[in-house]
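Below is one structure, written out as structure tokens; comments come after it.
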Amino acid sequence: MRVRLENVTKVFRGGVEAVRDLNLEVKNGEFIVLLGPSGCGKTTTLLMIAGVYKPTRGYIYFDDQVVNDLEPKDRNIGMVFQSYALYPHMSVYENIAFPLKLKKLPKEEIDRKVKEVASMLRIDNLLNRHPRQLSGGQQQRVALARAIVKEPSLFLMDEPLSNLDAKIRVEVRAELKRLQKDLGITTIYVTHDQAEALSLADRIAVLNEGVLQQVGTPDELYNKPLNTFVAGFIGAPAANIIDASIVEEKEALYFEMLGARFPAPKDYAEVLRNEAKVYFMARPEDVRITEGKGFTIYSIEWLGREAFAHVKAPDGTLLRVTLPAEFKLTVGQEVGVTFNYAKTHVYKSTGELII
Amino acid sequence: MQVSRELSKMLIITVMLTPAVLVALLFLAVPAALTILISLTELDYRFKWIWCSLNNYARLLTDPTTRLVVQATIIYVTGTLAFNTLWGLCLALLSTHVHDALGTFMRAAWLLPRVLPSVLWAMLMTWIFSPLDTGLLNSLIISMGWQPVPWTFRYYWPFLFIVNGFIGSSLSAIVFSSAIKSIPPDYIIAAKVDGASSFVIIRQIILPMIKWHIAFFVAYNTLSLLASFEYILLTLNGGPGYYTTEVMVLRAYHLAFGQYMVAMDFGYAATYVTILLVVGLVLSIVYWRVFRLRRLMIEPKLE
Amino acid sequence: MSLSSSEVVIMVKTRTILLYLVAVIVALVPLIPLGLLFALAFSEHPIHIKGFTLANFEFLKTGVLFPNDPRYSKLYPNVYTSAMNTLLLALGNMLFVTLISSMAGYVISRYSFRGRSALLGTFLVIHGVPASVLLIALYYILKVTGLLNTLLGVVLAKIAVDLPLGVWVLKGFYDGIPWDTEIAALVDGAGRFGAFFRVMLPLVLPGVFSIALFSFLSGWGEFVFIYTFIQTSTNWTMSMLIQSLHTSEMGALNLALIAALSVFYLIPVLVLFVFGEKYLVKVTIGGVKG
């Protein structure tokens, strides 16, 4: 099933604008992630798609049909919550069977479907237990089973992995992705964890303060962020976003930033000639340490596969830099810095991408 | 389609809320308004509405019994409040410093007088503290060779404080002990490690941390006590003597429903009650502001 | 002079023993009057506690008090009639308060609608001021609607008085259920009514029990409404019967009989209290928090 949001806006009682003018298209069978910090409107958007909230303006389409006024129960969606939201007074079997019971299916069919889904998620030995007797991971599988068993056209997931132990989270992530591919159901997934988004999504929609920032594949978002917010939000350790001034001297363009001067490469110079103040963005792996002066190694963290350092610039700013594991630098050492201009980006002072 | 979703929401709200609203309106809101109206009339056993505007209130000001009644009310409320709060605090502290099973048993035992039918509790108390020789205490005293004590004749206020206090202190004990139990144990452990004795812990840590609960209870209990009269009615009935324990609500009750020829004076009785209603309303609004009760009303998330 | 460690240990131990002793004594204090009541009910002497007999419970056979005295037997109604009235009042109060507040509490907790704050505030204010202030007006209303001197009138008034507490306590219980659980039910295919019956209501069952218990006991022990609104003795409840006996000459002549009646009246209360004490505590806390 395809989902389309057209100019969707949500204003709550009291004037709080949670979502503003959201336009989004979700393809059939796609795993799309709504990513953003707390309060950015991603859960509100999800609840509007679920039918719990009604958009103040705009339309939501399921397969070209406007569903704004459709009750949640008629939307044929399966939903998984951060807290799993299992019914405490029902057994695991009854929890999973609940949506089928509401559809008034015959008992044998319900039994068959429940057992099928339970074995798919490997919880068939837990059917008689109650939610409070299960671990977090087990509860999560039950929540998934309950969402899957009604064979919905759409999956909605609200940070389902946040409550799991970090170790289990990585394993479950992979399993979830596999499951979605096997079932082929369109999935809209909400999270604030950009690493999770990058690893799970076919496409990511980044939201901030109710406004859509950028939609694209993980690769597009990582390598070509369209504004400084996305640039700073995606990728860990975070990209360096540096205040810079464009200076022209003898027909050559320079970046004046960090208390030093960097010559701008030719393709940058063409586009930046008329700019004054910009943001220069370089990811930690695109910062090169060279022989030189002015910059000092401030701290080094060795992480096994690579090392992560903070480098202090002449104007006091700390740059985040990743180093290969076999680096030969010490804390306090004076170095020079240059950038891999093939991967860096420049943004206007208002945040939009220039190049 | 749009109309039907809004409509179904309205329908559910109406069906589920109407009974409560209806009952509250008919038997609570309307009587409240009615009381104020009645106080402006000379309504009595003839049940005729004769408007006399504020005459009843003027009568209130000149009536010599008014002073006695107000005095009795003030003594009753402050004394019982003090008993409820202080003894409730003692119970809470005691029950939380012993083993949980004993503490729970203690609070449950003290809850019992509150759960008993009022006539039984009143009857027991009047029998125990009866000033006659046949009262329980007195018969014990006599059997030991001493003079019987006229308990309720002479010590009527302490008597009433005890009778009502046993009822009220169970409430404060429960509230305070649940507040004490919710204090993070880290504070107590840190104090013990610092060498503080139990008394110091109680004074410096526990009491300040349940300040809000104590204040809230005092406010809430004051409001209840202003209009409470059932146990006074059942035990001393405003006596002994001339209006010694006749609180305002009891006076109103006697004026309206007493046995004597002066009874059925609904108009005059309603004046006392109206004053109490107004005071109660004002206090409630003050509490609303002071205790910021607005936060109890979190907006619902669904639509 | 500092104490040796063993002296300190003994000091602490005696202090603890003292503490527990005091606690046990304090805990028993409110039970003493109750014990005395039972002793008097089985007493051979009509006024003092002496001996043991079942004679005071003779009325249990037919319900008639003073069967041998022509004057008294006409003054007082049959005990079983009064007991039945008490039961009707208690059950009526329990059923309606529980039913109405389960629904109202849900709506107030979960729905946003115009006037919600005002309604909630009104219930709060009403809850703070007791019923006694409304007696005069209620008397008038009952007289005008012809419900004076009827059990129905009393039941209606009682329900109204206990309702605000019921709504507040149940609302508190509904507030405690996570939103996600209800949203999950809606997404799973239940309409709002379905979500209420299948998910929300089962989850607030402790609250429902608490209010049911509370309102039953409240009706069982009710006195003032009967005293004020009921004039015919056949409509009396046990509370009225016992009080009128107590304030008459019988109070001085045959306390043991009154004690026996009281024990009869008290048994359901004690049984319910023993089994439901923790539910009553929930109501108490819920009521004050509101």
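Some points to look at:
- 20 °C / 1.002 mPa s Stokes-Einstein diffusion coefficient of the protein assembly as shown, Kirkwood radius on C-alpha pairs, µm²/s: 63
- The GluC sites (Glu not before Pro) found in segment A:274-355 that occupy coil by DSSP, while having at most 12 further C-beta atoms within 10 Å, are A:GLU326.
- Partner chain coverage, peptide C:156-163 - average Cβ within 10 angstrom: 4
- At an R0 of 56 angstrom, the distance between the Cβ atoms of B:GLU6 and B:TYR155 translates into a FRET efficiency of 0.30.
- Kirkwood Rh in Å, taken over all unlike Cα pairs in segment A:1-131: 17.0
- Remark: segment A:214-340 carries a charge dipole of roughly 180 debye about the Cα centre, counting +1 on each Lys and Arg Cβ and -1 on each Asp and Glu Cβ.
- Cβ-derived FRET efficiency at R0 60 Å, C:LEU28 paired with A:ASN68, nearest 0.05: 0.35
- Angstrom value of the Kirkwood radius, inverse mean 1/r, which spans all Cα pairs in chain A: 23.1
- Which listed pairs, of A:LYS277/A:LYS312; A:LYS54/A:LYS104; A:LYS181/A:LYS343, have C-alpha distances above 30 Å, in listed order: A:LYS181/A:LYS343
- In this calculation the C-beta distance from B:ASN237 to B:VAL286 is compared with R0 = 35 Å, giving a FRET efficiency of 0.60.
- In chain B, the calculated helix contribution to ellipticity at 222 nm averages -22500 deg cm²/dmol per residue, counting -39,500 (n - 2.57) for every DSSP H run with n ≥ 4.
- Partners for B:LYS181 among aspartates and glutamates (Cα-Cα distance below 15 Å; same-chain residues under 8 apart left out): B:ASP100
- Selected from A:LEU161, A:ALA85, A:TYR298, residue furthest toward positive end of dipole (chain A; charges at beta carbon): A:ALA85
- Lysines whose Cα lies under 21 Å from that of C:LYS171, excluding same-chain neighbours fewer than 8 positions away: B:LYS9, B:LYS301, C:LYS158, C:LYS278, C:LYS282, C:LYS289
- Span from the segment A:85-122 Cα centroid across to the segment B:65-81 one, whole angstrom: 65
- For chain C: rounded, prolate or oblate by the Cα gyration tensor [a/c cutoff 1.5]: oblate
- Evaluated at q = 0.20 Å⁻¹: base-10 log I(q)/I(0), Debye formula over Cα of segment C:1-146: -1.27
- Partners of A:LYS293 within straight-line reach, counting aspartates and glutamates whose Cα lies under 17 Å from its Cα and excluding those fewer than 8 residues away in the same chain: A:GLU256, A:ASP315, A:GLU334.
- The helix-only estimate of mean residue ellipticity at 222 nm for chain A, built from DSSP H runs of length n ≥ 4 each weighted as -39500 (n - 2.57), is -7500 deg cm²/dmol after division by the residue total.
- Taking C:SER215, C:SER101, C:SER248 as the candidate residues, the one with maximal mean-square fluctuation in a Gaussian network model of chain C, Cα springs under 10 Å, is C:SER248.
- Shielding by partners for peptide B:221-232, expressed as the average number of C-beta atoms from other protein chains within 10 Å of each residue's C-beta, is 3.
- Residues C:ASP175, B:ASP44 in ascending order of nearby Cβ atoms (within 10 Å, fewest first): C:ASP175, B:ASP44.
- Segment C:179-281: chymotrypsin sites (Phe, Trp or Tyr not before Pro) in DSSP loop, at most 10 other beta carbons within 10 Å: none
- When the Gaussian network model of chain B links Cα atoms closer than 10 Å, the mean-square fluctuations of B:ALA190, B:ALA58, B:ALA227 top out at B:ALA190.
- Trypsin sites (Lys or Arg not before Pro) restricted to DSSP loop in segment A:160-203 with at most 14 other C-beta within 10 Å: none
- Placing +1 on the Cβ of every Lys and Arg and -1 on the Cβ of every Asp and Glu, with no other charges, gives the protein assembly as shown a dipole of roughly 1220 debye about its Cα centre.
- Chain B: C-alpha pair distances exceeding 27 Å, %: 59
- Positive dipole terminus of segment B:64-296, leading residue within B:LEU120, B:GLY238, B:ALA215 (C-beta point charges): B:ALA215
- Cα centroids of segment B:208-240 and segment A:31-74: 52 Å apart.
- Ranked by how many other beta carbons lie within 10 Å on average, peptides B:87-95, C:254-262, B:191-199 from highest: C:254-262, B:87-95, B:191-199
- The label-point distance for A:ARG129 and A:PHE327, in a model that sets each label 7 Å from Cα toward Cβ, rounds to 4.6 nm.
Read-outs: derived from the displayed coordinates by stated rules, not from any lab. Everything numeric here is computed off the predicted structure, so don't read it as measured data. Please note: Cβ atoms are built from the backbone with ideal geometry, for glycine as well, and neighbour counts cover all protein chains shown.
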